[in-house]
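S.K.: Just dropping this structure here.
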Amino acid sequence: MLIRLRKRTTAAERDSIQSLCNELGLRSRFLDDAREMLELEGDTSAQVRSRFEDCSGVQAILEASDAPEAFAKTAERVGTTVRIGPAEFGGGVASVIAGPCAVEDGDRLLEIARAVQNAGALALRGGAFKPRTSPYSFQGAGTDALGHLARARAETGLGVVTELLDVRHLEAVAEVADAFQIGSRSMSNFALLKEVGQTQTPVLLKRGMAATLREFLLAAEYVLAGGNPHVILCERGIRSFDSVTRNVLDVGGVAYLKQTTHLPVIVDPSHAAGRSDLVPALARAGLAAGADGLLVEVHPNPSEAHSDGAQAISARTLAEVVRDARTILEMDGRRLATPQPELT
Ligand code: PEP
Ligand code: MN
């Protein structure tokens, strides 16, 4: 049950409502910073409801389903900022996450980490556990890869993002990751969403390849409802009939999400394009539509990549993507996050 309080309710009125909650054995909490929407849990039968109806300060008694969804943009929650190590997303600031599709070996990962850092990325993304369409394709280097990510993180200071595919890996992944990636194929894995909702580790949630925007937002709601407010939405392209690109980047969807939710929204031009030559254009389009950052696949030798080589760009191209990102963000009154100087 929800109680909407009148604007400018006095402290004495709030106290008397609180005492009535205590008397009736109800748990209560405010859902908003303005302390106008009070949620009550316990026996909310008609008799109990009627006790609140005449209380001074009460404007309306509502059903729990009338509560605003936690992802929704409101007057108080306009633009949430989420950080992944030194990378910052939202509130007018954008960052670039880059790295190989899959972590291959330790030295190669470190080489890529240094290259993407020099190109302007503030977070490294590499998969240790890979969700592959075929069970015979490379499934990721698993726990060895987590070790390589930990080393790259320690040596570069980059934030680390890696995919969490299975709740059984949660603790091991949480030890090295500054953010869990929940991939497109797992967007509707509600058990996984509930588990990451119980943590305070940021969650980079990718849109299911056939998910509506409402389904995408409700997947984020699972994480928020569990108590983890650090969610970044990632548009990575949706399936269509044309095979020229791997998916279709939904730029309209990005603009809609930016209007609808206070959560940061980033774009993955790599999985949208499926081909390296179109990645810079899609990155620019995503930022122009309002995205708060990019997730880009980079590999020094795409023909040797264990997965998604066709869409990997070079670190040199990434530097151009970052340069263009800076220009677009500045035109829009926003800025690209820059590394903080180390304290000595
Ligand atoms: C990936 O990020 O490498 C990946 C598998 O992405 P998606 O879940 O968007 O397909
Ligand atoms: Mn990939």
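The values are calculated or read from the model by the stated rules, or taken from the named source; none is laboratory data. Since the model is a prediction, treat every value here as computed from it, not as a measurement. Positions of Cβ are backbone-derived with ideal geometry, glycine not excepted, and every protein chain shown enters the neighbour counts. With ligands, DNA and RNA removed, areas are computed over all heavy atoms of the protein, side chains included. Shrake-Rupley method; radii C 1.70, N 1.55, O 1.52, S 1.80 Å.
S.K.: Return a yes/no flag: does segment 270-281 have any residue that is within 16 Å of ligand 1 (Cβ to nearest atom), under 15 Å from the mean Cα position of the chain (by Cα) and under 27 Å from Phe190 (Cβ atoms).
M.R.: So far as segment 270-281 goes, no, none of its residues is within 16 Å of ligand 1 (Cβ to nearest atom), under 15 Å from the mean Cα position of the chain (by Cα) and under 27 Å from Phe190 (Cβ atoms).
S.K.: State which residue is most open to solvent (accessible area, probe 1.4 Å) when the search covers only segment 148-171 and only residues that are within 13 Å of ligand 1 (Cβ to nearest atom) and out of contact with any Asp or Glu (no Cβ under 9 Å at 6 or more places or on another chain).
M.R.: The extreme case among them is Leu165.
S.K.: Working carefully through the options Glu69, Glu76, Glu88, find the one that is closer than 30 Å to Ala255 by Cα, within 26 Å of the chain's Cα centre (by Cα) and exposed (fewer than 13 other Cβ atoms within 10 Å of the Cβ).
M.R.: Only one candidate qualifies: Glu76.
S.K.: Quick one: how many residues across segment 1-31 are in a loop (DSSP other than H, G, I, E, B) and surrounded by 14 or more Cβ atoms within 10 Å (Cβ to Cβ)?
M.R.: Count: 5.
S.K.: How many residues does segment 290-306 hold that are within 16 Å of ligand 1 (Cβ to nearest atom) and surrounded by fewer than 24 Cβ atoms within 10 Å (Cβ to Cβ)?
M.R.: 3
S.K.: Continuing with this model, one more query. Go through Asp292, Asp242, Asp268, Asp332 for me and flag whichever is in the same structural domain as Arg207 (by TED's automatic domain parsing), farther than 17 Å from Ala94 by Cα and either of a type in the set (D, E, K, R) or at pLDDT below 95 (or both).
M.R.: Just a single option satisfies the conditions, and that option is Asp242.
S.K.: Select, from Ala145, Ala141, Ala123, the only residue that is in contact (Cβ under 8 Å) with a residue 24 or more places away in the chain and either in contact with a Phe, Trp or Tyr (Cβ under 6 Å, 6 or more places away or on another chain) or crowded, with 24+ Cβ neighbours inside 10 Å (or both).
M.R.: Ala123
S.K.: If you take just the strands (runs of 3 or more DSSP E) that sit entirely in segment 34-122, which of them hold at least 1 residues that are modelled with pLDDT of 95 or more, more than 16 Å from ligand 2 (Cβ to nearest atom) and over 30 Å from Asn301 (Cα atoms)?
M.R.: Answer list for segment 34-122: 82-84, 93-99.
S.K.: Exactly one condition in (1) of a type outside the set (D, E, K, R); (2) under 29 Å from Gly252 (Cα atoms); (3) away from ligand 1 (no atom under 12 Å from the Cβ) is false for Ser134; which is it?
M.R.: With (1) of a type outside the set (D, E, K, R); (2) under 29 Å from Gly252 (Cα atoms); (3) away from ligand 1 (no atom under 12 Å from the Cβ) applied to Ser134, the lone miss is (2).
S.K.: Also, quick follow-up: Being in contact (Cβ under 8 Å) with a residue 60 or more places away in the chain and open to solvent by less than 60 Å² (accessible area, probe 1.4 Å) is true for just one of Ala174, Ala219, Ala179, Ala225. Which residue is that?
M.R.: Being in contact (Cβ under 8 Å) with a residue 60 or more places away in the chain and open to solvent by less than 60 Å² (accessible area, probe 1.4 Å) holds for just one of Ala174, Ala219, Ala179, Ala225, which is Ala179.
S.K.: With at negative phi, surrounded by 18 or more Cβ atoms within 10 Å (Cβ to Cβ), part of a helix (DSSP H, G or I) and in contact (Cβ under 8 Å) with a residue 60 or more places away in the chain as the only criterion, which of Leu282, Leu287, Leu204, Leu192 stands out?
M.R.: After applying the criteria, what remains is Leu287.
S.K.: Here are the criteria: (1) touching a strand residue (DSSP E or B) at 6+ places or on another chain (Cβ under 9 Å); (2) assigned to a loop (DSSP other than H, G, I, E, B). Tell me which single one Arg326 does not satisfy.
M.R.: (2)
S.K.: Tell me the residue from Leu62, Leu40 that is surrounded by 13 or more Cβ atoms within 10 Å (Cβ to Cβ), of a type in the set (A, V, I, L, M), farther than 30 Å from Leu318 by Cβ and free of Cβ contacts under 8 Å to residues at least 40 places away in the same chain, please.
M.R.: Of Leu62, Leu40, the one residue that is surrounded by 13 or more Cβ atoms within 10 Å (Cβ to Cβ), of a type in the set (A, V, I, L, M), farther than 30 Å from Leu318 by Cβ and free of Cβ contacts under 8 Å to residues at least 40 places away in the same chain is Leu40.
S.K.: Here's a follow-up. Exactly one of these conditions fails for Gln311: (1) closer than 22 Å to Gln117 by Cα; (2) without any contact (Cβ under 8 Å) to a residue 60 or more places away in the chain; (3) within 15 Å of ligand 2 (Cβ to nearest atom); (4) polar (S, T, N, Q). Give me its number.
M.R.: (2)
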